[in-house]
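Asker: First, the structure itself, so that you have it in front of you.
Here, each number is a calculation from the coordinates, and none is a lab measurement. Bear in mind that the values here come from a model prediction, so they are computed numbers and not experimental data. When we count neighbours, we look across all protein chains shown, and the Cβ atoms used for this are built from the backbone with ideal geometry, even at glycine.
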Amino acid sequence: MQMRKYKLGDIATVEISGVDKKVKDGEENIHLCNFVDVYYNWAITMARHDNFMLATARPNEISKFQLRKGQVALTKDSETRDDIGISTYIADDFDDVILGYHCALITPNKDILDGRYLNALMHTDYAKKYFAFNASGSGQRYALSAETLNSFPVPVIPLQKQKQIGEIFSALDKKIELNKQINQNLEAMAKQLYDYWFVQFDFPNEEGKPYKSSGGAMVWNEELKREIPQGWSNMSIGDYAPCKSGYAFKSKDFGDKGLSVIKIGNIQENYTLDMTDSQCIDLFNKTLFLAKRYDLVIAMTGATIGKFAISQSNYWVNQRVGRFDLGDRPLLRLGFLFNSLKQEYFREQVFQIACGCAQPNISAEQIDSISILKPNDVILNQFNKLCEPLLELQSENYLQIEELTKQRDELLPLLMSGQVSVNSDLSVCIDLIIRTTTRICSYPNDLFWSYLRIVFL
């Protein structure tokens, strides 16, 4: 395939945004696409419009940084080298959304460079190595200068081939994004059900009616500092699922083979694990430090303290990461603990215990001592049973996302090198994507109410 390298600045316009998050008198109201929006999304679509924060900007800023279809946004400043040079494709025109500071906006020359192709290129190791090597700064903050961005060498293939490659990656991203949306809906359904049963206390009584709304007796619980249904009490987390500390692996133990090791940095805010850059341990047989699929793990130190996630596979657990022991079949008991830990009082207790130290820190024993609600066994089992299919489907979707992401990252070099033809193999690639995501479906909001009807009727 014919290929030539251009400097990015010769085939695109690169603008560094300085638009902050403030609301200022005399400026126009806008929505702001921030660093995190760029960082966490392969593409920015109109569906994300309402998620952008409100801010203000001057007319010249709006004119220069308004998001337009075909552009690419890029993170240019961060505390670590790994977080700079992360791009997203602008898939729609936005009338009132502009790019915020710590980011750069790239407008390709459409006669030479396709935005979707450029975005895919930015996610390759080729681009990541360039940005990491050429970033300025040390220790506290790293940045990409305008000169560095403009000098980025872009391998340019014929425009039609770029667009075909862009179509493939657009299809992949749509499948990934759909799975993420499904999981958000599933998680919201479980949360609504938890709130209905264990916050409002309108779980089904013996007659199938909402307990508290139907006059169910409530009593004050001193430990939880609130009224709870008569006959219920509190329990420590350790009574339900004891927390077990991870293993202090030595640096010499890590390699490229074996099971990946969960470190605190792998635990994300959305209750998932990012194991992209994880290290492995081979020939280790201490199952006490093994997190199985559907186990919950929690960060026990540092700025990430209290964050927790569901393990979607078998992983070793590193020091300063805790694992909740839910038994041999964790899915059967996961729903209640997972949603209990989401409650604000849990995070508050974690911070109260950890405060007063130079480095926030909490032990497994201290986590075990935290009090949570103890429903009666019938209601507890009913709730866990209702959560099982939701959590199982979430897990399947996460695994699909991982596989699709892997395919996306491995496919571009093959397409660019000509090892995979964008002509004859395009339909094959698309078909592969469709077959990989076998359980693509939508979940209407009223499915939650269907769950309630199953319980109450």
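Asker: Between Glu392 and Cys355, how many nm apart are label points set 7 Å from Cα along the C-beta direction?
Answerer: Modelled inter-label distance: 4.3 nm.
Asker: Ordered by packing density, taken as the mean number of other Cβ atoms within 10 Å over each peptide's residues, highest first, how do 367-379, 307-319, 244-256 rank?
Answerer: Top to bottom by mean Cβ count within 10 Å: 307-319, 367-379, 244-256.
Asker: In addition: For the chain, what does the helix formula give at 222 nm: sum of -39500 (n - 2.57) over DSSP H segments with n ≥ 4, over the residue count, nearest 500 deg cm²/dmol?
Answerer: -12000 deg cm²/dmol
Asker: Here is a further query. What number comes out for the charge environment of Thr80, summing +1 per Lys or Arg and -1 per Asp or Glu over other residues with Cβ under 12 Å away?
Answerer: The answer is -3.
Asker: Within 10 Å of each candidate Cβ there may be at most 16 other Cβ atoms; applying that plus a DSSP loop requirement, which trypsin sites (Lys or Arg not before Pro) in region 98-183 survive?
Answerer: When the trypsin sites (Lys or Arg not before Pro) of region 98-183 are filtered for loop state and at most 16 Cβ neighbours within 10 Å, Lys110, Arg141 remain.
Asker: Right, another one. For Gln343 and Lys257, calculate 0.36 nm times their separation in residues minus their Cα-Cα distance, and state this gained length in nm to one decimal.
Answerer: 27.2 nm
Asker: Here is a further query. Separation between the Glu27 and Glu207 pseudo-spin-labels, each 7 Å from Cα along Cα→Cβ, expressed in nm?
Answerer: If labels sit at Glu27 and Glu207, their model points lie 5.9 nm apart.
Asker: To continue, here is another question. Counting other Cβ atoms within 10 Å of each Cβ, which chymotrypsin sites (Phe, Trp or Tyr not before Pro) in region 22-76 have at most 16 and sit in a DSSP loop?
Answerer: Those satisfying the criteria are Tyr40.
Asker: For region 327-380, run through the trypsin sites (Lys or Arg not before Pro) and keep only the ones in DSSP coil with at most 16 other Cβ atoms within 10 Å of their Cβ.
Answerer: Filter output for region 327-380: Lys342.
Asker: Could you check the spin-label model distance between Arg81 and Asn285? Points 7 Å from the Cα along Cα→Cβ, value in nm.
Answerer: Here the answer is 4.0 nm between the modelled labels.
Asker: Another question about this same structure. Could you work out the Kirkwood radius for the chain, taking every pair of different alpha carbons, averaging 1/r and inverting it, reported in Å?
Answerer: This gives a value of 24.7 Å.
Asker: If you don't mind, another one. What is the extension gain from Asp239 to His49, computed as 0.36 nm multiplied by their sequence separation minus the C-alpha to C-alpha distance, in nm to one decimal?
Answerer: 64.0 nm
Asker: Report, ordered by chain and residue number, the lysines lying within cross-link reach of Lys174, taken as a straight Cα distance under 25 Å and ignoring same-chain residues fewer than 8 apart.
Answerer: Lys69, Lys110, Lys128, Lys161, Lys163, Lys406
Asker: Which of the lysines could a cross-linker bridge to Lys374, judged by Cα under 27 Å and excluding same-chain residues fewer than eight apart?
Answerer: Qualifying lysines at Cα under 27 Å: Lys191, Lys209, Lys212, Lys225, Lys244, Lys292, Lys307, Lys342, Lys385.
Asker: Still on this structure: Give me the percent of DSSP beta bridges within the chain that run antiparallel, rounded to the nearest 5.
Answerer: DSSP beta bridges in the chain are roughly 85 percent antiparallel.
Asker: Would you please classify the overall shape of region 20-152 from the alpha carbon gyration tensor, given that a ≥ b ≥ c denote the square roots of the eigenvalues, rounded means a/c under 1.5, and beyond that prolate means a/b larger than b/c while oblate covers the rest?
Answerer: Since a/c reaches 1.5 but b/c is at least a/b, the shape of region 20-152 is classed as oblate.
Asker: Quick one: work out the % antiparallel among DSSP beta bridges in region 4-156, nearest 5.
Answerer: So the antiparallel bridges amount to about 85 percent of the total.
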